[in-house]
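J.: Once you've had a glance at the structure underneath, I'll fire off some questions.
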Amino acid sequence: MRAGMFSNLLDFAYVRSASQALGWYIVYLVGTIVMSAVVGAIVVAISRPRGGFTSGFDMGNIVGNVVAFCITVVLSVMLVVKRGRGGDAQSLAIVVVAAIGAALGGGLLGLIGPAYLSTRSHLDPT
């Protein structure tokens, strides 16, 4: 029996198929958007920036991008570590590219790398 597209989403050691990686990407992208919006709204509500809506929106946007960057890096590192690929140069390069993608395009670009990493198998310890 084959696992569904949205199965094992919290198991970072699970090796996903391409469709499961797409499901993982969608779920974590939505989660990243929600988390970024909530943290951005909280920061704006606490800081009460002068300049009205535009200043608050700009601040929330910056905070949201920082949250998306952090989520992307943490997810990438968790996937690499759970697969025993910490010394694998290709996996580490994907983490760096994912971080750059997150810095430039938030979760939309940043989560592509972790989604790909979720399809890679474990390294043989021998």
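Every number here is computed from the coordinates shown, using simple stated rules; none is lab data. All of these numbers come straight from a predicted model, not from anything done at the bench. All Cβ positions, glycine included, derive from the backbone under ideal geometry; neighbour counts span all protein chains shown.
J.: What list of ³J(HN,Hα) couplings, whole Hz, do you get for the range 69-81 from phi and the Karplus terms 6.51, -1.76, 1.60, once you set θ to phi - 60° and write x for glycine and proline?
T.: Computed from phi, the couplings for the range 69-81 are 4, 4, 4, 4, 5, 5, 4, 4, 5, 4, 5, 5, 5 Hz.
J.: Which entry is the computed mean projected area of the Cα convex hull in nm² for this structure: (i) 8.6; (ii) 11.4; (iii) 9.1?
T.: (i)
J.: Could you order peptides 41-52, 76-87 by the average number of other Cβ atoms within 10 Å of their residues, highest first?
T.: Numbers: 41-52: 11.8, 76-87: 17.8.
Descending mean neighbour count gives 76-87, 41-52.
J.: Calculated from DSSP H runs of 4 or more alone, at -39500 (n - 2.57) each and per residue, what is the 222 nm mean residue ellipticity of the chain, nearest 500?
T.: Details: 4 runs with 89 residues, N = 126.
The helix contribution divided over the chain gives -24500 deg cm²/dmol.
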